[in-house]
Amino acid sequence: MPTAKSTVILRIVLSAAVVSVFSWAIFFYPKPENKRPKLSPEESRQLLDQSKMLLKDHKYQEALLPTQKLYQAYPDDHIYIEQMAEIYDQMHQYKDEAEYWEKYRQHAPRPIAACPQIGMAYQKEGLSKEALAAFEWCLSLDPANSDSIYNLAHALERDGQYDRAAELYQRGLQLSPNYTDLQVGLARAQIHQDKLALAEESASNVLKQSPENTDALFVLGMAYYRGGDLVKARLNLEKGVKKADEDTDFHLLLGKIAEKEKKIPEAIEHYTRAAELSPNNKEIRAQLDELKAMK
């Protein structure tokens, strides 16, 4: 039977052996190399010049490769991250764009420079929850920024959160009383809140400053339509559509008014134009086919 002393000696010998094996392994198996591509200053400059030239010529797909090489070599450099995001935006790859704006806000000295593009990228990708979170973050960085207030309020409006949107629009107008988009946004939210008289007032105030503002003309027309005054609704919408013939919403609402007034040929004309502008909208096409069958 081994003595206590011999047991201690055995443990010391085994520990030394383990240390020796570990040291040997470190010596013969060096650390894995950094897989980042190494670029010389000259190579980096050439890639940057190439990327800038391609971007200037609107060759975004071609500009992606040299920019990717720069980003892979310098993944913490906010300049290359921003350029990657902008390229993906131009390529309409909004999910990738948003991913790079997320990286940008992690590494840039001024993360707020990712605003409002980060929220808009999510919005264009149809990710409303992520867009709202991004716009919330942008506003948290500068709570008195009227643009950030508008962007969040508009995103809330699109999400159907009309009460909070209206509150934010009003808050923005306290800071910037003449901010037209805030005024029009407030009028839209008020329509959804069934505060039609207030919506008419808000839109009318915009038109006093800017009589040709098509957004205000549409919202005022919508407010009158919701209130049942088809004459005033038509008057404002017809004035607006002359300057915004490529706006589907004008033609849809004018088509609805023509239907209510039993002016079927006129309704067909507006729905036909709306279908041309929005060829993938099945509801417009169905309504148009229904009216044509009534002739």
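I need the full set of residues from the stretch 68-85 which are assigned to a helix (DSSP H, G or I) and touching a residue at least 24 places away in the same chain (Cβ under 8 Å), in order please.
LYS69, LEU70, GLN72, ALA73, HIS78, ILE81, GLU82, GLN83, ALA85
Could you check, for the stretch 125-134, whether at least one of its residues is in a helix (DSSP H, G or I), under 23 Å from LEU65 (Cβ atoms) and out of contact with any Leu (no Cβ under 9 Å at 6 or more places or on another chain)? Looking through the stretch 125-134, none of the residues is in a helix (DSSP H, G or I), under 23 Å from LEU65 (Cβ atoms) and out of contact with any Leu (no Cβ under 9 Å at 6 or more places or on another chain). Could you grab the pairs with beta carbons closer than 9 Å, sequence gap of 6+ or different chains, first residue in the stretch 242-271 and in contact (Cβ under 8 Å) with a residue 60 or more places away in the chain, second one among the basic types (Lys, Arg)? Nothing qualifies.
Residue-wise test of (1) over 23 Å from LEU186 (Cα atoms); (2) at pLDDT below 95; (3) surrounded by fewer than 20 Cβ atoms within 10 Å (Cβ to Cβ).
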{"position": "VAL206", "(1), (2), (3)": "no, no, no"}
{"position": "GLY228", "(1), (2), (3)": "no, no, yes"}
{"position": "ASN236", "(1), (2), (3)": "no, no, no"}
{"position": "GLY240", "(1), (2), (3)": "no, no, no"}
{"position": "ALA244", "(1), (2), (3)": "no, no, yes"}
{"position": "THR248", "(1), (2), (3)": "no, no, yes"}
{"position": "GLU283", "(1), (2), (3)": "yes, yes, yes"}
{"position": "LYS295", "(1), (2), (3)": "yes, yes, yes"}
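Quick check on my filter: what residues within the stretch 209-238 are in contact (Cβ under 8 Å) with a residue 12 or more places away in the chain, farther than 18 Å from GLU261 by Cβ and assigned to a loop (DSSP other than H, G, I, E, B)? Hits for the stretch 209-238 are SER210, GLU212, ASN213. For the stretch 244-295, a residue qualifies if it is closer than 30 Å to PRO211 by Cβ, among the basic types (Lys, Arg) and in a loop (DSSP other than H, G, I, E, B), and exactly one does: LYS263. Counting only residues that are over 9 Å from the mean Cα position of the chain (by Cα), of a type in the set (A, V, I, L, M) and more than 22 Å from LEU186 (Cα to Cα), the stretch 105-155 holds 5 of them.
The values are calculated or read from the model by the stated rules, or taken from the named source; none is laboratory data. The model shown is predicted, which means the values in this text are computed figures rather than measured ones. Cβ sites come from the backbone with ideal geometry, for glycine too, and all protein chains shown count toward neighbours.
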